[in-house]
1. Taking 8 Å as the Cα distance limit and 6 or more residues as the minimum spacing, I'd like the relative contact order of the chain as a percentage.
2. In nm, what is the difference between 0.36 nm times the number of residues separating T358 and A372 and their Cα-Cα distance?
3. Quick query: amide H of H138 versus all other amide H atoms, modeled in the peptide plane; which residues come in under 5 Å with a sequence gap of 5 or more or a different chain?
4. Could you give each residue of the stretch 58-74 its phi-based ³J(HN,Hα) in whole Hz, using Karplus coefficients 6.51, -1.76, 1.60 with θ = phi - 60°, and x for Gly or Pro?
5. Under a plain spin-label model, where a point goes 7 Å from the Cα along Cα-to-Cβ, how far apart in nm are Q80 and R183?
6. Would you mind putting 204-212, 252-260, 38-46 in packing order, based on average other-beta-carbon counts within 10 Å, highest first?
7. Any idea how many Lys pairs in the chain come in under 25 angstrom at the alpha carbon, given 8 or more places apart or on separate chains?
8. Between N232 and K211, what is the spin-label point distance in nm, taking each point 7 Å from the Cα along the Cα→C-beta axis?
Amino acid sequence: MRAALALLSTLPLLVAFPSAQTRAAKTLDIYVVDVEGGNAQLWVTPSGESVLVDSGNAGAAAVRDADRIMAAVKDAGLSQIDHLITTHYHGDHVGGLPELATRIPIKEFIDHGPNVQPTPQIDPVLQQYAELAAKAKHTVAKTGTRIPVTGLDWRIVSATGQVLKTPLPGAGAPNPYCAGFKRHDVNPVSGGPLGNTEDEQSVASHVTFGKFRVLYLADFDWNQEVELMCPNNRIGSVDLFLVSRHGQPSSNSEALVDAIRPRVTIMNNGPRKGGQPAAMKVLLNSPRLEDLWQIHFALLGGQEYTVPGIFIANVEEGATVPVAPLPPAPPGAAAPAPQHNGPAYWIKVSAQTDGGFTVTNGRNGFSKTYRAGS
Ligand SMILES: [Zn+2]
């Protein structure tokens, strides 16, 4: 009993200094959370400062996705989210926010400014977003903005479609992968111009932690990639590329993926969203790639266009998976994803300032270290 009381008396201390034990490792940790083809990433610095990038899906899926984000929050020992970046206002990136905000305090809301694509589905979510942001710190990110996170250099390389014009330090060489780039008809808006959706507004981040470099462009589209990357590569090379747009071929051109030369890519896809053959071929052909990790087995890739299961966090239990990819749903008629509502697993990255990092599959515990300097 006395021991239990003694333990209790230490609890406030643990709350005041979140995860002192886990943070002793001095790594930057990134949890790529499974939100069934949406996005949520929890970044935690060695000092315990946190950045959540997107907050999963809306509606019936919001409780599920908030549970999954909170599992990562708990694993990291956090008691608040210091910075929330909402990359854009699509339901799979911001939908879970109102539910999540009932679970944990969020100190700063970062976004690209006004929504360009109002819909009856998203408008109520954004009304709640605005009320929450009004009670906290609210930052509108512009291209070139630095998000102040101790220990990281977090730069916004695109927002509202305004791509970075000045190369990042050390970048700016001619990009040989621009040759042969062909524009795609991405995001035709009925009656409007191409490329004027929320995807193109995405708040895109380049982050360095010592020598470790990461790029996440959210749902930045294929045609914008050439604006950012051609004729000169303004980004340079990165260690980790968090794949654009859930691994769909409406982003992820060679002009981007080959030029940034990631050692590792992580694809936050869903069972029926992302991982199509065209995107898999580009990602797996990137010249310095060591491994592609997937949040889900991709039915749109089939057994043919996939990585070994050891690199996949969530698999299709008991399903018979054909070798050939499933055809994607026709435009405008998205197939309902077979959503698994049971246990879900993350992929966790732990990086060091020397540039080395370890990736761990939350399902099977498999981890692989990518050493600095190779
Ligand atoms: Zn998306």
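1. 14 percent
2. Extra length available between T358 and A372 comes to 4.0 nm.
3. For H138, the qualifying residues are F109.
4. 9, x, 5, 7, 5, 5, 4, 6, 5, 4, 5, 5, 5, 5, 5, 4, 5
5. Here the answer is 4.7 nm between the modelled labels.
6. Numbers: 204-212: 22.0, 252-260: 26.2, 38-46: 24.3.
Answer by packing, highest mean first, reads 252-260, 38-46, 204-212.
7. Lysine pairs satisfying the spacing and distance rule in the chain number 27.
8. The answer from the label model is 2.6 nm.
Quick note: the coordinates plus some simple rules give every number you see, no bench work behind them. Quick caveat, the model's predicted, so the values are computed rather than measured. All Cβ positions, even for glycine, are placed from backbone atoms using ideal geometry, and neighbour counts span all protein chains on display.
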